[in-house]
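A.B. asks: Just dropping this structure here.
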Amino acid sequence: MVRQPQSIITIDHRPEAGLPAALRSLFIDFDAWFASVEQALDPRLRGKPVGVVPVMTDKTCCIATSYEAKRLGIKTGTAVWEAKKICPDIQLALSDTGRYVHYHQQMIKAIESCIPVDKVVSIDEMACTLTGDWQRPDKAAEIARQIKQAVSKVLAVTCSIGIAPNQFLAKMASKLDKPDGIRVLQATDLPGAFEHLELEDLTGVGRGMHRRLQRAGINTIRQLYAARREVLRSVWGGIEGERVYAELRGGLAYRPPSERRSVGHSHVLPPESRSPEKALAILHKMLQKAAFRMREMNYHAAGMSLSLWLDKNSHTGKRHSWGEHAQFAPVNDTRDLIHVLKALWARRPGQKKILAVGVQLSDLVSDSDVSGDLFYRRDHHPDLAEGNLSLVADKINKRFGAQTAYFGGAKEGLQGAPMRIAFTQIPDPELESDRPDGGRQ
Ligand SMILES: [Mg+2]
């Protein structure tokens, strides 16, 4: 059993010494993303209150609204009949997830013509790291202007950009001058810059946390800043409170993704995919997806489980499930994992119709704990190129869309197990929502 690393919290500036924290993070948040895409593509919608809806009926809710609609009080979650009561002329646009994802990818490319994107936080939020000269406020603001220009060349939409010592503050900064803002936020601007905000406006403070804060006598942002580290520790129930304490002040908090034990997928097969060949192809694809997500979270796996749901047994007449688990030295290369999958697959019972399949990578170990193995592999298996191929494939898929690069076994399965894209998830098309930090950032 490999131990997870201890949490590391750094506050690398000392406000009492008058040293400002470096501006290390630039955060981009597109303004009213879905509605803006619709307005950009359909000039008749521009300048008008727009509600984006999942289906064309008065009974549904707006899943997004334009700034013109927001100003009238029509927000995400407002029922269409209600929106029509407030504004009989409201324009309704049918939501088109594929379109939003397509332009999301175009926007990442546009931003990357200015600065590398570190983290795609959601369909309309990206985080970048500022290094060297870019940490100067004037340089950082200059990049922000370049990003806006690059973005506007793709589509007539705007984004708001926050620049701050860490991602938490940069995200908050991006909200301060919406829409189309650029805000440089120094640790020394705090808590003043947030004083007009409610506690629940802070990223990571939901209703439950708000209540806990109130119980601890913290009702305002100023009180949150004045609270001692130990108080936040008890409110958040542990080390997370210390992270919040550090991040509020411009420090960097490392979040080990230690709660996650496994990553995997399962899929009910459509009737035409129930043959062993098709089922295996879909398993390949799901495994590659899971391996990609695992690498994104900086993990290796030391275990894999394969589950099959099989059609009626000829003797008992009952449907039944079958599963097998394997343990191995931690790996993150898709090809290694494919070998394991094949070995597990070979042990399955007979040639029966397969109704559903599942594959789970488990016993996750953080990358930093297994680096020794990489050296071993380089020395003894130079042909394996220690996992680089998987990382290259990940990059290609991130940049050009999932499934551009894949390992052979998945070819048959590419049409199966379609990507689920829900609005509440990270709609990165190839990276479904599994946030090691529980979505706090
Ligand atoms: Mg947004």
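A.B. asks: Within the range 38-46, does at least one residue satisfy the condition of being of a type in the set (A, V, I, L, M), in a strand (DSSP E or B) and within 15 Å of the ligand (Cβ to nearest atom)?
C.D. replies: There is no residue in the range 38-46 that is of a type in the set (A, V, I, L, M), in a strand (DSSP E or B) and within 15 Å of the ligand (Cβ to nearest atom).
A.B. asks: Working carefully through the options L391, L355, L364, L344, find the one that is touching a strand residue (DSSP E or B) at 6+ places or on another chain (Cβ under 6 Å), assigned to a helix (DSSP H, G or I) and modelled with pLDDT of 60 or more.
C.D. replies: Going through L391, L355, L364, L344 in turn, just one is touching a strand residue (DSSP E or B) at 6+ places or on another chain (Cβ under 6 Å), assigned to a helix (DSSP H, G or I) and modelled with pLDDT of 60 or more: L344.
A.B. asks: Moving on. Need the failing condition index for P179 against (1) within 16 Å of S160 (Cα to Cα); (2) within 23 Å of the chain's Cα centre (by Cα); (3) crowded, with 19+ Cβ neighbours inside 10 Å, just the number.
C.D. replies: If we test P179 against (1) within 16 Å of S160 (Cα to Cα); (2) within 23 Å of the chain's Cα centre (by Cα); (3) crowded, with 19+ Cβ neighbours inside 10 Å, just (3) comes out false.
A.B. asks: Among strands (runs of 3 or more DSSP E) lying entirely in the range 85-165, which contain 2 or more residues that are assigned by TED's automatic domain parsing to the domain that holds K59 and in contact with a Leu (Cβ under 7 Å, 6 or more places away or on another chain)?
C.D. replies: Filter on the range 85-165 gives 91-94, 159-164.
A.B. asks: Considering only residues that are surrounded by fewer than 16 Cβ atoms within 10 Å (Cβ to Cβ) and in contact (Cβ under 8 Å) with a residue 40 or more places away in the chain, which ones fall in the range 64-92?
C.D. replies: D89
Residue-wise test of (1) at pLDDT below 90; (2) among the hydroxyl-bearing types (S, T, Y).
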{"residue": "S95", "(1), (2)": "yes, yes"}
{"residue": "V101", "(1), (2)": "yes, no"}
{"residue": "Q106", "(1), (2)": "no, no"}
{"residue": "S113", "(1), (2)": "no, yes"}
{"residue": "C128", "(1), (2)": "no, no"}
{"residue": "Q135", "(1), (2)": "no, no"}
{"residue": "A141", "(1), (2)": "no, no"}
{"residue": "I147", "(1), (2)": "no, no"}
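A.B. asks: Also: I need a count of the residues in the range 141-185 that are in contact with a Pro (Cβ under 6 Å, 6 or more places away or on another chain) and more than 16 Å from the ligand (Cβ to nearest atom).
C.D. replies: Result for the range 141-185: 1.
A.B. asks: So, of the residues in the range 107-125 that are away from the ligand (no atom under 16 Å from the Cβ) and of a type outside the set (A, V, I, L, M), which turns out to be nearest to the chain's Cα centre (by Cα)?
C.D. replies: Among them, the one singled out is D118.
A.B. asks: Looking at the range 20-31, I want the residues that are more than 16 Å from the ligand (Cβ to nearest atom) and have a partner that is modelled with pLDDT of 95 or more and part of a strand (DSSP E or B) with Cβ atoms under 6 Å, at least 6 apart or on another chain. Which pairs are those?
C.D. replies: L23/I163; S25/A164
A.B. asks: Hey, can you tell me all the residues within the range 126-140 that are away from the ligand (no atom under 15 Å from the Cβ) and surrounded by 20 or more Cβ atoms within 10 Å (Cβ to Cβ)? Break it down stepwise before answering.
C.D. replies: We begin by selecting, within the range 126-140, every residue away from the ligand (no atom under 15 Å from the Cβ); these are 128-140.
Hits for the range 126-140 are C128, L130, A140.
The values are calculated or read from the model by the stated rules, or taken from the named source; none is laboratory data. Because the structure is predicted, anything quoted here is derived from the model rather than measured. Cβ coordinates were reconstructed from backbone atoms using ideal geometry, including for glycine residues, and neighbour counts include every protein chain displayed.
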